[in-house]
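The values are calculated or read from the model by the stated rules, or taken from the named source; none is laboratory data. A quick note: this is a predicted structure, and the numbers were derived from the prediction, not measured. When we count neighbours, we look across all protein chains shown, and the Cβ atoms used for this are built from the backbone with ideal geometry, even at glycine. For the accessible areas, the whole protein counts, side chains as well, though only heavy atoms, and no ligand, DNA or RNA atoms are used. Shrake-Rupley method; radii C 1.70, N 1.55, O 1.52, S 1.80 Å.
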Amino acid sequence: MNLQNLVIATHNKGKVREINDLLAPFGVKVKSALDMDLPEPEETENSFAGNALLKARAAASVSGMTALADDSGLEVFALGGEPGIYSARWAENPETKIRDFAFAMNKVKNRLEALKTSDYSARFVCVLALVTPDGEEQIFEGEVRGHLEFPPRGENGFGYDPIFVANGETITFGEMDPAKKHEMSHRADAFKKLVNSVFKS
Ligand code: IMP
């Protein structure tokens, strides 16, 4: 697969910067869907892989370049994997209409308390989809396992980081040094698999 020029199928500037930094050592030049004015398709599939593929296929077909997309989220085992692909949507507060992760974390806590379960185990998942304009497709899935603790702690990171404690750790991702989180995260795991498959084979 020729990966010299790659379009990142996201309008999120933070994600583009992070992916650019991860792939620069391999001589990959990255453009974002925003730079190229590509449309952002609605995430209509029912799995991380389905949504990542949908975004990468759309970007590859419009740009004529190889495209990389990711989809990620938090799966809570006692909640049957919820919020899962709806992780961002759980943060939409119906009253304020703004994305509010304090609201989302509280929803997770209330759901767990209602079940009266002591199983607070959870994982973050990240799926990367790489699609060429001629239809070659590869998927890489990364995860980090851990458990949830309440109330939320820490100002670092984003999303559900303040309630997630990775296995072997005592502090939440919200309290952890970002460099350390980036080494052990679901995104790092998925990227390691991509790099091993695409650049080291
Ligand atoms: P997306 O992959 O941009 O669709 O993001 C999915 C959602 O999953 C984010 O809005 C966060 O709520 C959650 N999420 C994904 N990765 C992380 C993470 O590393 N920390 C905290 N929350 C995350």
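General observations
- Conditions (1) surrounded by 15 or more Cβ atoms within 10 Å (Cβ to Cβ); (2) within 22 Å of Phe103 (Cα to Cα); (3) more than 14 Å from the chain's Cα centre (by Cα); (4) not acidic (Asp, Glu); number of the one not met by Pro151: (1)
- Taking segment 46-67 as the range and being hydroxyl-bearing (Ser, Thr, Tyr) and more than 14 Å from the chain's Cα centre (by Cα) as the test, the residues that pass are Ser61, Ser63, Thr66.
- For segment 1-57, the candidate set comprises residues that are in a helix (DSSP H, G or I) and of a type in the set (Val, Ile, Thr); within that set, the residue that is nearest to Glu141 (Cα to Cα) is Ile19.
- Cross-chain or 6+ apart pairs with Cβ under 8 Å, segment 93-108 first and farther than 22 Å from Thr172 by Cβ and modelled with pLDDT of 95 or more, then open to solvent by 90 Å² or more (accessible area, probe 1.4 Å) and of a type in the set (Ser, Thr, Tyr): none
- Residue match in segment 98-108 (condition: of a type in the set (Lys, Arg) and outside any strand (DSSP E or B)): yes
- Subset of segment 160-178 [open to solvent by 10 Å² or more (accessible area, probe 1.4 Å) and either at pLDDT below 95 or more than 11 Å from the ligand (Cβ to nearest atom) (or both)]: Asn167, Gly168, Glu169, Thr170, Ile171, Glu175, Asp177, Pro178
- The set of residues from segment 58-93 being farther than 23 Å from Leu6 by Cβ, assigned to a helix (DSSP H, G or I) and away from the ligand (no atom under 15 Å from the Cβ) comprises Phe77, Ala78.
- Number of the exception - Glu183 against (1) more than 13 Å from the ligand (Cβ to nearest atom); (2) assigned to a helix (DSSP H, G or I): (1)
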